[in-house]
Structures are given as structure tokens and as C-alpha cells.
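Bear in mind these aren't lab numbers, they're just calculated from the coordinates by the rules spelled out. Computed from a predicted structure; not experimentally measured. A quick note on method: Cβ atoms are made from the backbone with ideal geometry, for glycine too, and the neighbour counts reach across all protein chains shown.
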Amino acid sequence: MPREARDTLFLLAVIAWTVMPHLSHLPLWCTALTALVLAWRTQLALANAPLPGKWWLAVLLVVSGSLTLWTFRSLLGKEPGVTMAVVLMALKTLELRARRDAFVVFFLGFFIVLTHFLYSQTLLVAAATLVSVWGLLTALVLAHMPVGQPALAHAGRLALRTALFGAPIMALLFVLFPRIGPLWGVPADGAPTTGLSNTMRMGSVAEIAQDDSVAMRVRFLGRVPAPETMYFRGPVLTAFDGREWRPLPLQRATQRFDLRVRGEPIRYEITLEPQRLSLLPLLDAAAQPPAVEGYRVFARDDLHWETDKPVFERLRFEAVSHVDFRHGLTASPAMLRDSLELPPGHSPRTIEWARQFHSSPKLANADARTLAFAVMQHIRTGGYSYTLAPGSYGDIDPNAATDEFWLDRKLGFCEHFASAFVIIMRAMGVPARVVTGYQGTDPLPIDGYYVVRQSYAHAWAEYWVEGTGWMRADPTAAVAPDRVLRSRNLVRAPGLVAGAIGTVNPALLAQMRDAWEAVNNRWNQWVLNYSRGQQLDLLKNLGFSSPSWEDLSLLLIAALSSMALAGALWAWWDRHRVDPWVRQMDRIRHALRSLNVEAAPHEPPRTLALHVKQQLGDAAHALVDLLHALDRQRYGREAVRRPDTSLTRRFVSTARTLRRSR
């Protein structure tokens, strides 16, 4: 294959690989147009056909710009910018007539590599971009080797070696370059497709629980709490309109923090994945706000910790909580009234059941704690089932959804039980509310981190007891105790591949997932979460007592200056060093001149052997044999990579002996 066609096909393959991670973000027409253009250019390269004229490119460019404007209603911004960059790189391949055209394609490719991190910064994306950079550098090396037909492997090794030379500087800048706030905001990995919400309907938590992705990782800095106490508090839902639970409006929250803790505190570190809410799901209950870089954290009086902006990036922070606590002893009358409201006309049969239940002789004068225990006992013995797929409720009459669950079908997930429990407690005159969040973790830690998945999303209830405050009640623990006591959540049926692997080795799939998550967690901890605080901690480890940004900058300048000086010394040494073959020939010529044999610098060993034979005769046959051996080592079919120093020593010794004998 001609070199031009080979190099073009290699460049087209690198472009296709570079664009591939963007396929889920690009409009369908952009993907189709890019594939069509690359296929067209491949056919032209294989057929050695002429490139299309400028009119074709102009028409395609106008069509692409019009489609971009029609799709995004703008040519400015991240999405239209990335779309146009991909289209322009593809179209540029149709006018690869000179080296400067190839350089434009190379640098467009490097720019598109950078845009991948606008959407995701995962380990897989980073690995894919490394391959793209290597491919583009290899194409760049080929463009700088216009003569001959260098092998792709040779160009690839040269590109890799060049990139490795720059790796120390890259690592140094990553470690020491001062972290500053972003000049613009771009989601690190975008908002998740599932996760906690500020509202709850019947079935909404069950949808989240089918997602096995990581919600956060927790590393306990000391004592690990029991699984049944691992409640990570999310939105507290008090307002109910008959279909949906919502938190009280912020202006109605008093923001008066009433929390009384007992026992030993739990200290832990959380690595929180991006989410859709302005909240931190802390272990119940935290008395002090954690320090989160770039965010203001504050608490509402329902122990719900909020941030001043949505969490669209991965966060790592430390917090302190107490699992033995009381709160809400001095709850405001307004909050208690809100926690008793029931929408008119909703769940009439359930409310009537609650009133009859309360009017029974054993419960007529019972306090809130006794009533809650009685309802939990009814759930435990009333024939209820805990299931991830209970079906929909309220299809015929939305106001009767809770009636269908509580009195008829009795199939539900955690939100069904929590919602029904709160409605029943309110119907009996006890203030109650729904709390959402996460409950439990994976049983075993990975690299010291307990994994909390989206599938651990949970809903439970709280009711108010006079003189005590808000008490937690988890109806799920009554119907499915293993879910709370051992964190055994329900799992959906596996797919075809996962089912086949599970049939062969039931533990293999979990082991593969844990291994990948361990690697991904290291990437998150060591790379993505490397922060200003860790930079200052590094300076402390290096001996700085009170490190500052000035110290960090000075250390970076000193390190870069040292590397520059080392590079300059290496360049000076490289410029003055002598090739081993040249050094060997210099010693041999010097030995010949001592025998009065002419040895010009341009003459190879074979010519020198003729001179020796003509001038010294048979007495120098040993020198002639050594020169012929040297010629074979240097230019023969079995040439060696480095000179044979023993041959050089024998030659010099033989010449010295011959000189003495004359």
C-alpha cells in the first residue's frame, strides 16, 4: 500500500476513535455525517482518487452549520461548539493536500480530546483519551518524516518516547500547580439519571433502588457503626397533597437547630458522587456542618443538611455524627401543625381504619410511642410483603392509592410503608413525616471505603413524642428486617450476560464489580479529588510548618528550574558525546597511524584493510583479519548494534606488538 494511503487511513482511524466517546452527546445527524465523510475519505484513499472540490466542502459546511443552529438554537455554547468541532475535523480530511492541512486536523483532534472532560472525567474516558493522544502524536511524527516509508511501529515508539519525556513535567504541574476556582462551571460527570429527589411518590424510591451505581463512599475514621444505625439523611418530606410528598418551603423552616447527642461520636469521610440536589446525605445525626470546599453548608431544623448550590461535582469531606441522639424536643407549633395535615378526600378508608384502630380499648388512651409500636406490630403480622415491583396504585382513583396498598393488595416497597405509616399516625393525632435518604452499605469495605449505592435509597418515618422529640420509625424493618439489620436490599433480575456469569460462578460478578470499583475509587481519590488542602498537606510532609500558596509557588518554580537545568545539561552532554562506532574507529585509525599507515576519516574498515596489506604485507595479516571482522560487524548481514570492545582492544594490542617488532 502506498505510504500516503497508509498514513491517511491511520489518521482516519485515530479520528474515529477520538470522536467515539462523544457519540452519546452528539446529535444523530452529526454522527451520521461524520461517519459518512470518514467513509468517503477512506474510499478516496484506497482508490487513490482526487479529493472533492471546494464547492462540495462549502455546501457541507453550510448544511452542518444550519443543522447545528436548528438543533441547539445557537452556535455558541458547549453542545454546539463540540458538534461543530467534530464536523470541521471530519470535513478537513477532505482537503488533506499539504502538510499544513494535516496539522489543522491534528490540533482539532487534540482540542476534541480536551472536550471529552467537559462531559466525563472517569477512568475509562481518561484511558480512551490517552490512546487518542498517542495516535495523534504518531500521525504528527509521520508528518515530520516525509522521506521514505517509516513503519507505523517506529513512529508510534518515537511518539510514545516523546510523550514520556513530558510526563515528569505534567506530573509536577498536577501535584504543585496551585488549585484555583474554576473560571466557568461545567458538571464533572453531569447529573445522574437516578438519585434522591426533593419529592416522593409511590414507586419513586423503587425506581432508584434498581440502580446499582455508587451514590457515595464512606470511610470511617475509627469505630464503624452497626448496619441498623447507618441512616444517611436526605430530604425530610412533611407536606402532602394526596399524591406527592414534599419538604416544607425554606421560608417556613425555622432553621433553629435542636439536637441533643449522647455517646461516642462517629468520625468519617464521605466521597459523594454528583447528584441533582443541594444536600449532603450525612449519617444521622450530625451536629456540626462539614467543611466542604467551594460550598456553604447549613442545616434546617429537621436535620436536613443543605448546600448553597446543587452538587454537580464529586465532593470529598469529613464529618462527625452521633447515632444516639434526640432532636425536636422544642418543635415549633407551626411545624407540628404541618406534620398533622392530611389532604381532604384522600385515603378515606385508611384514615377510617386508623381511627377505629385508635379507638380500640387497648389504644384509646395510648401515647404516641405506644401507637407507633402497635402500627409496626400490625405491619409485622398483617400479611404485608416487601417487594421491588408491587405494581402501580391509584390507577382508577388516585385518592385511593394508599387504601389499595394498606387494605387490599398489601404489596409495597419502603416508600409505600413509610407513607402509609405517616398517614395513619397523623389520622390518630400524632405529628409524623417522611424522611428519605440511604440506609446501609455494602457488607465489606473496598480499600477501606464502605460503598453506598443508589439501590440503598430508602424512605422511613419520624413521629413526634412530647417530652422526647422526633423518633425514628422504619416500617421496612417490621416487614423485611434483613433489609435494615444486614443491608440486604432487593435486587432486580440480572440480564442475560450477568445471569450467565452468575450461573457459572455466583461470586464472580460481584468480585469483578468490586475490583473495578476499587480501581475507579483510587482514580477518584488520587486524581479527581486532589485538592488545595492535599497540596498544603504535601508541603507539611515536606517540612513546611505553615505552608501557604507562596510556598507552593516557590516550590513549583524551584522544581521546574531544576528540571530545566537538568534538561540543559543533558542537551549539552548529548551534543558533545561521541558515537561508540566513531570512537572505535578513532582508536583504530590512531593505531594505524602509529604504524605509518594512512587512514582517512571517510574510509571504512574494508578499505583500511587494503592499505594495511599493501604497506605492511603478510606480517600484518592479524590486523587485516580484525578489520574485516569489524567491517562485517558494522555493515554485514549480521551487524551488531554496539561495537565489540574486545575487538578494539585486540587490534590496539596487535598494532603495538607489530610496532615494537619493526
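Some notes on this structure:
- For the chain, the residue among F421, V104, A655 whose Cα projects farthest onto the positive side of the dipole built from Cβ charges is A655.
- Across all directions, the average projected area of the convex hull around the alpha carbons of segment 306-446 is 12.9 nm².
- Taking a ≥ b ≥ c as the square roots of the eigenvalues of the alpha carbon gyration tensor, segment 3-175 is oblate, as a/c is not under 1.5 and a/b does not beat b/c.
- In the chain, taking the dipole from charged Cβ atoms about the Cα centre, the farthest positive-side position among V63, A609, G391 is held by A609.
- Computed lengthening from W29 to D212, 0.36 nm per intervening residue step minus Cα-Cα distance: 62.6 nm
- Theoretical FRET efficiency, 1/(1+(r/R0)^6), r = Cβ-Cβ of L172 and L124, R0 25 Å, to 0.05: 0.45
- Averaging Cα coordinates gives a centre for segment 354-416 and one for segment 224-240; these two points are 21 Å apart.
- H458 long-range amide H proximity, modeled H, under 5 Å: G437, Y438, Q439
- Cross-link reach is defined here as a Cα-Cα straight distance under 29 Å, omitting same-chain residues fewer than 8 places apart; for K362 the lysines meeting it are K410.
- Placing unit charges on the Cβ atoms of the charged side chains and taking the dipole of the chain about its Cα centre, the candidate lying farthest along the positive direction among A143, S213, S132 is A143.
- Charged-residue dipole, Cβ positions (Lys, Arg, Asp, Glu), segment 580-661 about Cα centre, Debye nearest 20: 300 debye
- Kirkwood Rh in Å, taken over all unlike Cα pairs in segment 580-661: 12.6 Å
- Relative to the Cα centre, the charge distribution of the chain, modelled as +1 at Lys and Arg Cβ and -1 at Asp and Glu Cβ, gives a dipole magnitude of about 3140 debye.
- Each residue, R650 and A564, gets one label point 7 Å from its Cα in the Cβ direction; the gap between the two is 5.2 nm.
- Stokes-Einstein diffusion coefficient of segment 283-325, Kirkwood radius over Cα pairs, 20 °C, 1.002 mPa s, in µm²/s: 190 µm²/s
- Based on alpha-carbon atoms, the Kirkwood radius and the radius of gyration of the chain give Rg/Rh equal to 1.17.
- Take the Cα of A366, go 7 Å toward its beta carbon, and the backbone nitrogen atoms of segment 325-358 under 15 Å from that spot belong to 353-358.
- For segment 195-329, a/c is less than 1.5, where a ≥ b ≥ c are the root eigenvalues of the C-alpha gyration tensor. That puts it in the rounded class.
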